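The values are calculated or read from the model by the stated rules, or taken from the named source; none is laboratory data. Predicted model only: the values in this text are computed from it and were never measured. Here the Cβ positions follow ideal geometry from the backbone for every residue, glycine too, while neighbour counts run over all protein chains shown. The protein model used for the area step is the full one, side chains on, heavy atoms only, and it has no ligands, DNA or RNA in it. Shrake-Rupley method; radii C 1.70, N 1.55, O 1.52, S 1.80 Å.
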Amino acid sequence: VIMSKLLNLGDHSDSSSSSDLIEFRKLKSKISSISRMESKPSKCFYCAKETTQFCNSHSVPASFLRNISVDGELYKNNELIELPFIDSEKGVNNSGTFRVICRDCDSAIFSEYENKDNYINGPTDKMIAQIAMKNHLRNIDKRLFEVSLYDKMKDGIPGFDGASTGSFMEKYIIETNEINRLDLNEYIRSFKRAKRVIDKGYKDEYYLFYYEKLDYTVPMAFQGELSLHFDLDDNIINNVYNKSKKYKLQSLHVSVFPLESQSIIMLFIDKNDKRYRSFYKQFRKLSKTERLAAINFIIFSLSEDVYISKNIHESYIKDESIKSLAGLTSIQFSDSDVVNSEVLKKSFSFSNMNSIPNYLTNDSCSFE
């Protein structure tokens, strides 16, 4: 029997696969601290100097996060999914942090893009490359940790010998860590490219196809690189079920920076990532409102690293459609790639983008 369904983390039903994943996450939580220690690099990724004092770098600049915090705290998107063993609130100092570069590098290599005054005339090539570089470093940190974590998780499953794939959890761990290792190598290559662009002062290596300065502060913050499944007409951009080691997922870099009375939103890609051509051509044809709806949909459907103001109107948090979207994963239960792609399309199609609350509108929050 083919189960044509994606796993949704917000679905706390008694299905065996959902139950397996909840047990998996509990196991993950137990051994996270050990894996975090053992996955820590011995050298700063940027300057390559040996160090034990890694900086607590923020994926979204802390100064931007403070603009939407309430008493120094923010919601994570688990406030929407409501998994019982994951924190829903975070202090600004611990929101979206990673530790792979030294303090000296952190204070110097991102300084241009983290300065709000540099957005008066729009971002420079160097600022865009700095954002890309930080996104890659954040993902390197994640993958280093996850490779170590998933290796250790195998020891926590009774009877698991590294070859058996009898249960959903066993199969998931094996396949996911193979992907983690491939991702890690790709993120390292992309980081080195971004660093070279900055060091050499290269121009036009990234294509900024959307830059918007809103005249209000949005109640959310985000910075990261995401892999879109489909363009606006449901044509495949990234086939997440392609297991070939030669197939590279291509990234879209998305930034939502809340300032004191304005917001900066940017979308850009590496100039070599040609599969996004159809998407950005379609995106340009949208109205401003539709563009914001599409960006809102991209962020909540594809990332767990969303930070939300506690001043957000309650209806936006309680809405069932946003809860369902935020809980989506691309984990599937069918062995048919054709079925998988069709099921994926039903959930991640941009035709759904107006069915959820838009956190990027002016009426989604009130700051006092």
DSSP loop (so not H, G, I, E, B), at most 13 other Cβ within 10 Å: list which trypsin sites (Lys or Arg not before Pro) in the stretch 42-139 pass both filters.
LYS49
Using only the alpha-carbon atoms, what does the stretch 173-300 span along each of its principal axes? Please give whole angstrom values in decreasing order.
45, 38, 28
Non-local residues with an amide H under 5 Å from the amide H of VAL70, with H modelled 1.01 Å from N and Pro and chain starts lacking one, are LYS310
Label-point separation in nm, ILE174 to ARG36, each point 7 Å along Cα→Cβ:
3.1 nm
Additional length obtainable on full extension of the chain from GLN282 to SER351, 0.36 nm per residue less Cα span
23.5 nm
Pop a pseudo-label 7 angstrom from the Cα along the beta-carbon direction at both ARG196 and LYS318 and give the gap in nm to one decimal.
5.4 nm
Surface accessible to a 1.4 Å probe, per residue, for the residues of the stretch 235-362, Å²
44 Å²
Can you put ARG196, ARG143 in order of accessible area, largest first, using a 1.4 Å probe?
ARG196, ARG143
Going through the stretch 265-328, which chymotrypsin sites (Phe, Trp or Tyr not before Pro) have at most 10 other Cβ atoms within 10 Å and a DSSP loop state?
none
Order the following by accessible area, largest value first: ARG275, ARG291. Probe radius 1.4 Å; ligands, DNA and RNA are ignored.
ARG275, ARG291
Check the straight Cα-Cα distances from LYS40 and name the lysines below 25 Å, setting aside those fewer than 8 residues away within the same chain.
LYS26, LYS28, LYS30, LYS49, LYS76, LYS90, LYS134, LYS142, LYS152, LYS154, LYS192, LYS195
Hey, with R₀ at 22 Å, roughly what FRET efficiency would THR289 and LYS310 work out to, going by the Cβ-Cβ distance, to 0.05?
0.30
